[in-house]
Each structure stands twice: as C-alpha cells, then as structure tokens.
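Below is one structure, written out as structure tokens; the observations come after it.
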Amino acid sequence: MAILEAEHIRKSFGRTEVLKDISFSMEKGQALSIIGSSGSGKTTLLRCLNFLERPDGGQIRVNGEVLFDGADKNYGKEKLIRKKRLHFGLVFQSFNLFPQYTALENVTLARELLARELPDYKKRKRELREEIRAQGEELLKQMGLADRMENYPHQLSGGQCQRVAIARTLALEPDILCFDEPTSALDPELTGEVLRVMRELAQRDMTMIIVTHEMAFARDVSDQVIFMDEGCIVEQGTPDQVIGSPREERTRQFLSRFSGQ
C-alpha cells in the first residue's frame, strides 16, 4: 500500500491557480524529487502536504488514512491540523532556527512541547526530558555535529545550520521527510555537506520528497521524479525517464539549463 496518495490537489491564491489537479503517490522508503522552474507550484505543494496551506480541493492520504478531503467542510481545528502535520517533516530553505537556542535546544524543543501534552507528563517529566535530550544528541552526532551541540545558530555555518534543521525534523519521527530547496541558501562549498546527509538518509530508506534544482542529486538518489510547470505535473517517472529521456518539450527545455551537471 502507498504511504502517500495525493489526488486532484488544487490551490489558488486569489485568481491565480498555483496547483492544478495534482495527483501522485509514493511507497514507503522511496525518494521523490520534484523539479521545475521557480513559480511552478513546487513549494506550494509541499506546504499543502504539510498543512501550512489549505488546499482548495482534492484528497491527501497517509498510510490509507484520509488527512484531507476537500469535500469535507469541517477541515479541523488547529490542534487537529497540528496532529496531521506531524506526518510530514519539512526542512525549509532558510533553516528557520531559533537564534536564542543552542543547536541541541533547537532539535529538542518541538519534542518537549509535544511531551507536555501527554497526560502523565508531570509524573514522567524528568524521564521524558532525558529521553528527548539523548535523542537530540544522537541525531546531531549523526549529522556530524557532535562538537557543535551547545553552539548558537550565529556560531554555525550555513551548512551546519541546515544539518541542525534536518535533525530537528527527524526528531519528530515523521512518516515523510520533505525538503524545500535545502541547499538554495548555501554557498556552493557548503552544498555538498547537506547533500551528503540527504544521500545517507536515502540509503537508510527514509521516505523523502525533495524539491530541488540539484539535477545530479535528483538523478542519483530518486526513485521517482516529477517535473512541474505552471502548476501542473508535466511529466513523472524514474530518473532515467524524466531526466535521462524526457518525453515532453517543456521538460527538455527546463533540463537544458542543467546540461553541464
């Protein structure tokens, strides 16, 4: 059974249609890359999947559970939406770290806030906080940041900040990890360290959706590739099909910009 099924997703801002009848699915452990020009709807699609935006129509299912149905007028209260959002972890372009917190505190904060909603939190407070801290330390070690846990974001490089952001997202143990152009804010020399972490996650069969302009990375890591243009899926298939031998002229024109990669 597919881990994610998105069917007929639509989204407009005013009179502008940003997503036009988007449908796709993916299996657990797959890496899906979404490519396309700026303004093609890629980021809006991620934000709809992560419930940062409300789609105008369609349906989103995770592990067979309907998380969104455009026909349902009772979309849900904020608390329910936050619960649905936990299925999707989103790594933003610009890190979005809290400057007043250390790397470790940035990683553990969301888990600690969720723990406070547990009915037995007061009784287990110390145990839970130790568990959350141990998990955060382990994740930062996996990101190669064992010696940077107590550093603040201004004391870290852009690549290190993005790795903290990835660890923070992994701490919530999402079903699907989403990346929105995770290297676009980085200098070229720092891009490689973030892509290396993402490759390792793919090798561990993490289910991932990656919006990217890194064509070589998308070709090497992805199980599926989707090319979007003007709010539509123009072409989808394996990397060999979409990047290696595209059928559509719009896809070929887009990829010609990256022919040197």
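Some notes on this structure:
- Approximate spin-label separation residue 173-residue 204, in nm, with each point projected 7 Å along Cα-to-Cβ: 1.3 nm
- Under a 5 Å amide H cut-off, with hydrogens placed 1.01 Å from N, residue 210 pairs with 32, 33, 34, 179 among residues at least 5 apart or on other chains.
- Computed with the Debye formula from one identical point scatterer per Cα of segment 66-141, without solvent, the log10 of I(q)/I(0) at q = 0.11, 0.25, 0.27 Å⁻¹ comes to -0.41, -1.22, -1.28.
- Each residue of segment 20-33 was assigned a 3J(HN,Hα) from its phi angle through the Karplus expression (A = 6.51, B = -1.76, C = 1.60, θ = phi - 60°), giving 10, 6, 8, 9, 6, 9, 8, 9, 4, x, 7, 10, 10, 9 Hz with x at Gly and Pro.
- Segment 7-60, accessible surface, carbon-and-sulfur percent (1.4 angstrom probe): 41 percent
- Charge dipole of the chain (Cα centre as origin; +1 on each Lys and Arg Cβ, -1 on each Asp and Glu Cβ, all else neutral): 900 debye, rounded to the nearest 20.
- Between helix 188-203 and the chain there is an angle of about 90 degrees, using the helix long axis and the longest principal axis of the Cα atoms.
- Calculated from backbone phi, Karplus (6.51, -1.76, 1.60) coupling profile of segment 235-243 in Hz, x at Gly/Pro: 7, 8, x, 6, x, 4, 6, 7, 8
- Dividing the helix sum by the residues of the chain, where each DSSP H run of 4 or more adds -39500 (n - 2.57), gives a mean residue ellipticity at 222 nm of -11000 deg cm²/dmol.
- Percent antiparallel among DSSP beta bridges (both partners in the chain, rounded to 5): 55 percent
- Karplus-based coupling profile of segment 48-59, in residue order and whole Hz: 6, 5, 8, 6, 7, 10, 9, x, 7, x, x, 8, with θ = phi - 60° in 6.51 cos²θ - 1.76 cosθ + 1.60 and x standing for Gly or Pro.
- Net length gained if the chain between residue 154 and residue 80 were fully extended (0.36 nm per residue, minus Cα distance): 23.2 nm
- Spatially close lysines, pair count over segment 62-190: Cα under 28 Å, gap of eight or more or interchain: 15
- The structure-derived value of Rg and Dmax of the Cα atoms in Å appears in the list (i) 17.7, 54; (ii) 18.4, 68; (iii) 18.9, 62 under the label (iii).
- Estimated inter-spin distance, residue 101 and residue 27, nm [label 7 Å along Cα→Cβ]: 3.7 nm
- Cα gyration tensor category, rounded, prolate or oblate, for segment 1-92 with a/c compared to 1.5: rounded
- Computing FRET efficiency as 1/(1 + (r/R0)^6) for residue 240 and residue 126, where r is the C-beta to C-beta distance and R0 is 41 Å, gives about 0.20.
- Estimated distance in nm for a label pair at residue 54 and residue 258, the labels positioned 7 Å out from Cα along Cα-to-Cβ: 3.4 nm
- Global geometry of segment 24-168, whether rounded, prolate or oblate, following the gyration tensor of its Cα atoms and the 1.5 cut on a/c: oblate
- Database remark: amide H of residue 68 closer than 5 angstrom to the amide H of 60 (H placed geometrically; neighbours at sequence offset of 5 or more, or on other chains; Pro and chain starts carry no H).
- Cα centroids of segment 136-194 and segment 8-31: 27 Å apart.
- Per residue solvent-accessible surface (Å²) - the chain, probe of 1.4 Å: 50 Å²
The values are calculated or read from the model by the stated rules, or taken from the named source; none is laboratory data. Keep in mind the model is a prediction, meaning the values are calculated, not measured. Don't worry about glycine lacking a Cβ; one is built from the backbone with ideal geometry, like all the others, and counts go over all protein chains shown. Note: areas computed on protein heavy atoms with side chains; ligands, DNA, RNA excluded. Shrake-Rupley method; radii C 1.70, N 1.55, O 1.52, S 1.80 Å.
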